Amino acid sequence: MAGPVNILRGINLTIGGGEVVSIVGPSGSGKSSMMMVIGGLERATSGTVSVYGQELTGLSEDALALFRRDQVGIVFQNFHLVPTMSALENVAIPLELAGRADAFDKAREGLEAVGLGHRLTHYPGQLSGGEQQRCALARAFAAEPMLVLADEPTGNLDGSTGHQIIDLMFDLSRRRGATLMLITHDRELAARCDRIVRLEDGMIVDAGEPAEQAAE
Amino acid sequence: MSATSVRWGLAARLARRELRGGLRGFWIFLGCLVLGVAAIATVNSLASGVQSSLRDDGRAILGGDVSLRLVFIQADEAQRATLESLGDVSEIVEARAMARTIDGEDSSLVELKAVDDVYPLYGEMDLAPPLPIDEALGQIDGVWGAVADETILTRHDLSVGDRLRIGEIEIDVRAVIEEEPDRAAAGAFVLGPRLMVSRGAIEAAGLLQPGSLVYWNYRLRLPQDLPAEDAIAAIRAAHPEAGWSITDFSDAAPQLQTMIDRLALFLTLVGLTALLVGGVGIGNAVKAFVDTRIATIATLKCLGAEGRLIFRIYFIQILILAGLGIIIGLIVGAVVPVLVGDLVSELLPISVSIGIYPSALLLAAGFGVLTTLAFSIWPIAKARDIPAASLFRNLIVPTTGWPRLPYVLATVVTTVALAALAIGTADRPDFAAWFVAGAVVVVLAFRLVAIAIVAIVRVLPRSRRMGVRLATSNLTRAGAPTANLVLSLGLGLTVLVAISLIEGNMSRQVQDQIPDQAPSFFFVDIQPDQREPFEAAAYEQGASQVVEVPSLRGRIVAANGVPAAEALQDPEESWLIEGDRGVSYATEPSDRYTIIDGEWWAPDYAGPPLISVYRDIANAFGLGVGDTLTINVLGRDIEAEVANVRDIDWSTINVNFTMVLSPEPLVNAPHTLIATVRIPPDQETGLQRAIGEAFPNVTAVRVADALDTVNEVLLQIGTAVRAVAAVTLIAGTLVLGGAIAAGHRRRVYDAVVLKVLGATRGNVIRAFLVEYGLLGLVAALIATAVGTIAAWAVLTEVMNVDEWIFLPLSLTATALIALGITLALGLAGTWLALRRKAAPLLRNE
């Protein structure tokens, strides 16, 4: 049997509220793992992770789920919309999970904001790739999370659709004041972010400059 | 509204949306549930129908509020007066007799029933043409009338209006019996079709000779205000020594009742096996379904859904689908009895009240719900632990290991509840408990064997042949359905093996073994003064052996002076005191008897009565040599000292008596003889004709005909058993098909990759053939072993069959069926897999 493998080693990173950060690095360097630890999707075996003052390290599986529900929005490369639910229902899920009575009104607003007001009752299978990702964006931002994580959000889209999605995502996170972390292989996209964090072999080789410092 | 109900509400809402995906992937789940529930509902609805008929029509089935039966002797005037003081009385005589054609060429055994003019007290005789019964049986121009079962007319190629001979007279068959209300009350063992005549006819025929085996039945119709118990108490008080067996309408046909209860239990257990096999399929289907939803589950978790909510979402979906399957099963289970009801009524001596029996349906639904829960909580509970992080890695791996403790406990509780329901609702809880224990052992055995196979194949040196290597690694890879495949196919096969062995053994007992040693004929009701002329006639017709034994009927009254009911030590043996038993007398022991204890009396013994008793009777009453047994014969109590205890070899068809007395007390009592005659088959007809002509009062029972009757009953029961067993095998095949289909995606991928690497279709097919061949072979081997043990246990322990025959042919056939099914289903899947084009799969994987 193979022994445990340390995927992330000696990571020390602080990201400010409202920052837009890109994570870059070769395949297997630990980008996804780091994002999962920050999003409370996986637990670090040692060290501490704190998001908006909330310590994640000791939280149970269910407490992490509640943390994600209230604080985190996630955008995937493969969209991961629930195929049996309409666009409106997909966007409403996080709001419904939070017990919001106005879940569907909010979801409708969210879809309208990403230009899908005319596609509310369509199922994922009836939407184009770009539309699915816009729907996924609306879902990620629906519960107004303070942290949005995006894993190669344009990886499955053509160039121009990808640009639109990125513009939309930057716009949404700026307007809501949310922190946005995105993994990408696209240098041009990485360069548009406030800050670039580069990983290699599980370690941060370049943490970039925090936005305020860069501005200064 | 509480937070919990809000969460259940949300779970229900999300579940409903998920169900929009349709029933895809759930056909096997529904199939298994429908089959199992429908089988149990059908069996129990039919059984309830029979029980309800027995309960509601008890008076008609019994023929009165109270029925009394005497053997050999008619009730005397005082007894008759007592009965008449209580209510209306009908006297009915039953005997076995020969019906002969007018030319004397052909004769057959009939169950003769002679009725008086008040018969029937309850219910209606249904005749074709629809004559009133007294008109059909009365004397017209000096000829008595009769009504007969259709079989008698067919057998002798006669039609209504033709004549037959019984005893010394001719009778005119005026109608066919469509329905006889009190037929079931006659008892379970019927050797021939019914012929009904009037009391006048049976007397004129000369069939009521002293000592003839004649049953005198007295049916009472009581006034409304006289309860049957009170009437019975009065009768017993007035005539304590009468020796009649008394039944009231609430227990009109106890033998039929018991038979139906046992058969229903047996068929329910077979149905439960189908449901158990189906349960494996349900578990597989739920797991396969959950596996297709891993991405959705992980997505919901990423969006903040807790594990509990995930469990609820999928639990609700499974409950809804199970509800659908159970409802369909119940509908089928309610409709099938209507379709087969007439058939069942024809097979039974009563008409079955077909209807909807809520308790039968409720029981089937209960089994369905508990089976669903027992098999689906586990895979759903594992789904709740699917990590949200799987989405980031495109690593859609099913979770392994055990679910959380509460879910394990819930599974245990529902399994125990399932077992409790099976045992608690059974007519024989001990039998059901053995079944449950057996089922648990079998399921565990299959699991262990599957684990062992995987472990053994894993440590074996890797084959150099690519096909074998691929096959063995398919069996042993993580998440391989090996265990489920072996279990689902194996359970169904085990039932099939056990049933084919039991059936094979039973029919072998009847067909092969017995006739070699059996006589050709039994002749009953031979008068003592007919003994010598009868013997001479039989030898003249070519008989090779004629053996005659005195035959009387007696009831055990007391043991060592203690009344029989109190003296009985084993309640299982209560049949001994419920009716009358055969009694004989002899000077010397038969060579078929093995004396276990004591000695036979001297040939010229003439002292106080001595008795030789069969081992089971001695055990039932705790009797030994020197103790006393009191028997009522022809209304007279005979207290006899036990001279010896003996064993009887029942496997030979011969006249065996459990109680044989020393000659003195019986030799002068009115009685008849039973004769066994051996004769070459081609001379049987001649013998039957000659005896019929010369001794019209003697009844011939052709052993071959009697065996046919027994065989027919076995065949009918066998058909019911096979039908339910087939349901089990269909469920097993469904489950197997489902399990193979669940691995289909992986198989397609494997096939495509192999093809890309240059494997021919032949290579791929051979690899899968080895894999499924191995699985089928293993399942067949274990099923053969377990099924054989089960059959052996049922035959020797439950049915008390002494000689157990191993039937390699049935087993081989069953094993081949297993291999065939596995290979066919596996190959079908592989064939589909091979037809898939490589490019689309490779592009996206």
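Out of all the residues in the stretch A:118-140, is one or more β-branched (Val, Ile, Thr), within 14 Å of chain B (Cβ to nearest Cβ) and not in a strand (DSSP E or B)? Yes, some residue in the stretch A:118-140 is β-branched (Val, Ile, Thr), within 14 Å of chain B (Cβ to nearest Cβ) and not in a strand (DSSP E or B).
Quick one: is B:GLY718 closer than 25 Å to B:ALA780 by Cβ and crowded, with 21+ Cβ neighbours inside 10 Å? Answer is no for this residue. Taking B:ILE326 as the residue in question, decide whether it is touching a residue at least 40 places away in the same chain (Cβ under 8 Å), away from every other protein chain (no Cβ under 14 Å) and either on the phi < 0 side of the Ramachandran plot or assigned to a helix (DSSP H, G or I) (or both). For B:ILE326, the condition - touching a residue at least 40 places away in the same chain (Cβ under 8 Å), away from every other protein chain (no Cβ under 14 Å) and either on the phi < 0 side of the Ramachandran plot or assigned to a helix (DSSP H, G or I) (or both) - is met.
The strands (runs of 3 or more DSSP E) located wholly in the stretch B:535-603 include none with 2 or more residues which are loosely packed, with under 15 Cβ neighbours inside 10 Å and of a type in the set (S, T, N, Q). For the stretch B:247-299, the set of residues classified as touching a Pro at 6+ places or on another chain (Cβ under 8 Å) and not in a helix (DSSP H, G or I) consists of B:THR247, B:ALA253, listed by residue number.
Would it be correct to say that B:LEU265 is in contact (Cβ under 8 Å) with a residue 40 or more places away in the chain, under 21 Å from the mean Cα position of the chain (by Cα) and surrounded by fewer than 23 Cβ atoms within 10 Å (Cβ to Cβ)?
On the way: in contact (Cβ under 8 Å) with a residue 40 or more places away in the chain: yes; under 21 Å from the mean Cα position of the chain (by Cα): yes; surrounded by fewer than 23 Cβ atoms within 10 Å (Cβ to Cβ): yes.
Answer is yes for this residue.
Of the residues making up the stretch A:167-178, those that are out of contact with any Phe, Trp or Tyr (no Cβ under 7 Å at 6 or more places or on another chain) and either of a type in the set (A, V, I, L, M) or crowded, with 24+ Cβ neighbours inside 10 Å (or both) are A:LEU168, A:MET169, A:SER173, A:ALA178.
Only one of these is out of contact with any Leu (no Cβ under 7 Å at 6 or more places or on another chain) and within 30 Å of B:PHE375 (Cβ to Cβ): B:ALA114, B:ALA81, B:ALA12. Name it.
Working: B:ALA114 fails: within 30 Å of B:PHE375 (Cβ to Cβ); B:ALA81 fails: within 30 Å of B:PHE375 (Cβ to Cβ).
Criteria check complete, one pass: B:ALA12.
Scanning the stretch A:78-89 for residues that are crowded, with 20+ Cβ neighbours inside 10 Å, closer than 25 Å to A:HIS185 by Cα and at the interface with another protein chain (Cβ under 9 Å from one of its Cβ atoms) yields A:HIS80, A:LEU81.
One line per residue, one yes/no per condition, for (1) more than 14 Å from chain A (Cβ to nearest Cβ); (2) of a type in the set (Val, Ile, Thr):
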residue: B:LYS301; (1), (2): no, no
residue: B:ILE313; (1), (2): no, yes
residue: B:LEU343; (1), (2): yes, no
residue: B:SER351; (1), (2): yes, no
residue: B:LEU361; (1), (2): yes, no
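May I ask you to say which residue of A:LEU56, A:LEU111, A:LEU97, A:LEU64 is under 24 Å from A:ARG176 (Cβ atoms), under 19 Å from the mean Cα position of the chain (by Cα) and at the interface with chain B (Cβ under 7 Å from one of its Cβ atoms)?
Working: A:LEU56 fails: at the interface with chain B (Cβ under 7 Å from one of its Cβ atoms); A:LEU111 fails: at the interface with chain B (Cβ under 7 Å from one of its Cβ atoms); A:LEU64 fails: at the interface with chain B (Cβ under 7 Å from one of its Cβ atoms).
Just a single option satisfies the conditions, and that option is A:LEU97.
Would it be correct to say that B:GLY21 is within 14 Å of another protein chain (Cβ to nearest Cβ) and touching a Pro at 6+ places or on another chain (Cβ under 9 Å)? It is true that B:GLY21 is within 14 Å of another protein chain (Cβ to nearest Cβ) and touching a Pro at 6+ places or on another chain (Cβ under 9 Å). Considering the stretch B:1-75, the qualifying helices (runs of 4 or more DSSP H), each wholly inside and each with 1 or more residues that are free of Cβ contacts under 8 Å to residues at least 40 places away in the same chain, run over B:3-18, B:27-56.
All conditions in (1) of a type in the set (D, E, K, R); (2) surrounded by fewer than 23 Cβ atoms within 10 Å (Cβ to Cβ); (3) within 32 Å of the chain's Cα centre (by Cα) hold for B:ASP65, with the sole exception of (2).
Among the residues of the stretch A:145-166 satisfying the criterion of being away from chain B (no Cβ under 13 Å) and not in a helix (DSSP H, G or I), which is surrounded by the fewest Cβ atoms within 10 Å (Cβ to Cβ)?
Step one: filter the stretch A:145-166 for residues away from chain B (no Cβ under 13 Å), giving A:146, A:154, A:157-166.
If we keep only those that are not in a helix (DSSP H, G or I) as well, we get A:146, A:154, A:157-158.
On the way: A:MET146: 16, A:THR154: 24, A:LEU157: 21, A:ASP158: 10.
Out of the qualifying residues, it is A:ASP158.
Among the residues of the stretch A:47-64, not a single one is charged (D, E, K, R) and surrounded by 22 or more Cβ atoms within 10 Å (Cβ to Cβ).
For the stretch A:29-48, taking the residues that are among the β-branched types (Val, Ile, Thr) and closer than 22 Å to A:THR184 by Cα, the one that is farthest from the other protein chains (Cβ to nearest Cβ) is identified as A:ILE38.
Checking B:GLY762, B:GLY776, B:GLY826 one by one, the residue that is surrounded by fewer than 21 Cβ atoms within 10 Å (Cβ to Cβ) and not aliphatic (A, V, I, L, M) is B:GLY762 and no other. For the stretch B:410-421, state whether one or more residues are within 14 Å of another protein chain (Cβ to nearest Cβ), over 26 Å from the mean Cα position of the chain (by Cα) and at pLDDT 85 or above. Checked against the condition, which is being within 14 Å of another protein chain (Cβ to nearest Cβ), over 26 Å from the mean Cα position of the chain (by Cα) and at pLDDT 85 or above, the stretch B:410-421 yields no hits at all. The number of residues in the stretch B:97-112 being more than 21 Å from B:ARG183 (Cβ to Cβ) and surrounded by fewer than 22 Cβ atoms within 10 Å (Cβ to Cβ) comes to 6.
Residues in the stretch B:87-106: is at least one part of a helix (DSSP H, G or I) and farther than 28 Å from B:LEU54 by Cβ? If you could, list the steps in order and put the result at the bottom.
At the first step, the residues of the stretch B:87-106 found to be part of a helix (DSSP H, G or I) are none.
No.
The values are calculated or read from the model by the stated rules, or taken from the named source; none is laboratory data. No experiment lies behind these values; they were computed from the predicted model shown. Cβ atoms come from the backbone with ideal geometry, glycine included; neighbour counts cover every protein chain shown.
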